[in-house]
Amino acid sequence: MNAYINSVLENVKKKHSDEPEFVQTVEEVFSSIEPVIDAHPEYEKADLLNRMVEPERMFTFRVCWQDDNGGWHTNIGYRCQFNGAIGPYKGGLRFQANVCPSIIKFLGFEQTFKNALTGLPMGGGKGGSDFDPAGKSDAEILRFCQSYMTALYRYIGPDIDVPAGDMGVGGREIGYLFGQYRRLKGTYEPGVLTGKGQTYGGSLIRPEATGFGAVYYLNEVLAHEKETISGKTIACAGFGNVTWGIAKKAAQLGAKVVTLSGPDGYIYDPDGVVTPEKIDYLVEMRASGRNRVQDYADKFGVEFHAGEKPWGVKADIIMPSAMQNDVKMESAEKIAANGVKYYIEVANMPTTNDALAFLMKQPGMIVAPSKAVNAGGVGVSGLEMSQNSERLRWTSEEVDEQLHRMMKTIHDMSAEAAAEYGLGYNLVAGANIAGFKKVAEAMMEQGVF
Ligand code: GLU
């Protein structure tokens with residue numbers, strides 16, 4: 001590897017030895033950018049990489065809230081404004097017990113390049129809290145969100161930083177956060193958050209966008225291989241918003257999602273999550289707060305495998321759509337042994353770096369990276385911001401068409417970036433290169449800082 005990249009990587013490893021996810025994502029991005037660094041000696045001269053791995057700003061805040069029995073709880077709130085070179089910081093909020101600086105930073109770093117790939121003016125940010133929403137009442141969620149926004153509202157705004165949802169933060173939470181922001185600011189600024197409800201400035205198709213976008217991207221990959229999606233089986237993970245969107249779009253196109261997973265294990269439904277009843281049930285399961293996928297098996301009479309991951313199931317396409325590091329070496333080996341041709345990452349960094357490198361080496365296997373595949377979610381958030389600032393509202397068809405076009409462009413741009421550096425049809429390297437180049441150029445033109 002290029003000596004400069006190596007030295008920055010060593011620096012990151014030393015400085016952030018207690019932040020494994022962050023180190024992992026930096027290593028992953030840096031593994032692709034050597035040809036760009038070689039072609040641009042001015043980047044090393046300006047020490048661009050050391051600047052790029054340091055968030056512009058990151059802060060924590062106290063979030064204190066009262067439970068239904070009058071007991072008090074204190075959580076840590078985070079916001080990381082990672083890189084604002086190409087637009088206001090943009091990225092979701094994650095509420096999950098394991099949220100820590102490493103997770104927020106890895107998500108913020110990924111978001112920076114992902115947002116660049118959308119072609120829209122959005123910088124990278126991420127936030128959240130170690131608050132665990134599981135089993136909390138609606139009133140507890142409301143009080144938590146109000147307290148969270150009370151601490152955060154001074155530091156965000158439509159042209160400053162625009163949070164949205166991520167794991168544990170959906171339409172309900174965005175509503176409560178927006179209500180509190182409006183109350184505190186005394187102005188109506190819908191562009192401060194995305195993923196809003198339809199009655200107060202939300203964009204049509206935003207709930208579906210990540211899953212739909214992932215399937216549109218998959219379609220481009222299949223077209224490249226002269227195949228179509230119809231009749232294909234897809235192994236997914238999770239059962240949240242993203243997996244719901246994939247199941248819905250796949251069913252429309254004649255394919256079927258055959259696995260779902262949760263913290264309790266995975267289900268295998270050979271008929272597919274294809275009927276409206278099954279697809280809607282995912283939303284119901286998520287809303288129940290039980291966080292159990294076994295409920296699906298009980299309701300529809302399919303297999304449930306306690307404590308296991310679905311990666312041993314033979315399917316045409318693998319789409320890990322649950323969370324980071326869900327696919328480790330042992331699962332990757334099973335996927336390769338099954339002769340799977342399409343490994344399409346969806347969740348942010350769902351594959352460990354060794355497993356990803358292993359899968360990319362499998363002859364005939366095509367690997368697509370999450371920062372490109374799931375970019376439709378934040379892409380439609382960008383469209384929501386445009387609609388809010390222009391005070392207009394596009395139809396579902398208009399948004400869906402723009403999403404479709406965006407995903408095709410991201411795929412083509414990535415393929416071209418890899419081809420330009422003689423890397424062949426390497427979508428992982430291509431996405432890293434295309435995203436990196438855009439952010440790098442913007443930083444250089446602005447005097448780096
Ligand atoms: N949390 C989502 C992501 O990982 C969406 C972010 C957004 O819409 O701002 O990209």
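The values are calculated or read from the model by the stated rules, or taken from the named source; none is laboratory data. Model, not experiment: these values are computed from the prediction. Heads up, the Cβs are rebuilt from the backbone with ideal geometry, glycines too, and the neighbour counts pull from every protein chain shown.
Here are a few things to note about the model shown:
- G240 surrounded by 24 or more Cβ atoms within 10 Å (Cβ to Cβ) and in contact with a Gly (Cβ under 6 Å, 6 or more places away or on another chain): no
- Flag if D354 is surrounded by fewer than 18 Cβ atoms within 10 Å (Cβ to Cβ) and more than 12 Å from the ligand (Cβ to nearest atom): yes
- The test for being buried (at least 24 other Cβ atoms within 10 Å of the Cβ) and among the polar types (S, T, N, Q) does not hold for T228.
- Within the span defined as segment 120-130, one or more residues are more than 25 Å from E445 (Cα to Cα), away from the ligand (no atom under 16 Å from the Cβ) and of a type outside the set (V, I, T).
- Of all residues in segment 195-228, those satisfying the criterion of being in contact (Cβ under 8 Å) with a residue 60 or more places away in the chain, away from the ligand (no atom under 14 Å from the Cβ) and among the hydrophobic types (A, V, I, L, M, F, W, C) are L204, L218, V221, L222.
- Test: V221 is of a type outside the set (D, E, K, R), under 21 Å from T275 (Cα atoms) and modelled with pLDDT of 95 or more: no
Listed here are the residues, each with its yes/no results for (1) within 18 Å of E220 (Cβ to Cβ); (2) modelled with pLDDT under 95; (3) more than 15 Å from the ligand (Cβ to nearest atom).
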| residue | (1), (2), (3) |
| --- | --- |
| K299 | no, no, yes |
| A306 | no, no, yes |
| I335 | no, no, yes |
| N348 | no, no, no |
| I366 | yes, no, yes |
| G382 | no, no, no |
| S386 | no, no, no |
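- Every residue from segment 131-168 that is hydrophobic (A, V, I, L, M, F, W, C) and either touching a Leu at 6+ places or on another chain (Cβ under 6 Å) or within 16 Å of the ligand (Cβ to nearest atom) (or both): C145, M149, L152, I156, I160, V162, A164, M167
- Pick from segment 174-194, criterion buried (at least 23 other Cβ atoms within 10 Å of the Cβ) and within 13 Å of I141 (Cβ to Cβ), ranking: farthest from the ligand (Cβ to nearest atom): L177
- Segment 48-101, subset closer than 18 Å to I141 by Cβ and aliphatic (A, V, I, L, M), residue farthest from the chain's Cα centre (by Cα): V63
- Of the strands (runs of 3 or more DSSP E) lying entirely inside segment 6-112, those carrying at least 1 residues that are within 16 Å of the ligand (Cβ to nearest atom) and crowded, with 20+ Cβ neighbours inside 10 Å are 72-83, 89-95.
- Selection status of G124, surrounded by 23 or more Cβ atoms within 10 Å (Cβ to Cβ), touching a helix residue (DSSP H, G or I) at 6+ places or on another chain (Cβ under 6 Å) and within 24 Å of L403 (Cα to Cα): yes
- If you check K334, K299 for being closer than 30 Å to F95 by Cβ, part of a helix (DSSP H, G or I) and of a type in the set (D, E, K, R), only one passes: K299.
- Of all the residues in segment 174-198, those that are closer than 16 Å to L392 by Cβ and not in a loop (DSSP other than H, G, I, E, B) number 3.
- Test result for A214, part of a helix (DSSP H, G or I) and farther than 25 Å from C64 by Cβ: yes
- Picking from residues in segment 371-426 that are hydroxyl-bearing (S, T, Y) and buried (at least 23 other Cβ atoms within 10 Å of the Cβ), the one that is farthest from the chain's Cα centre (by Cα) is S414.
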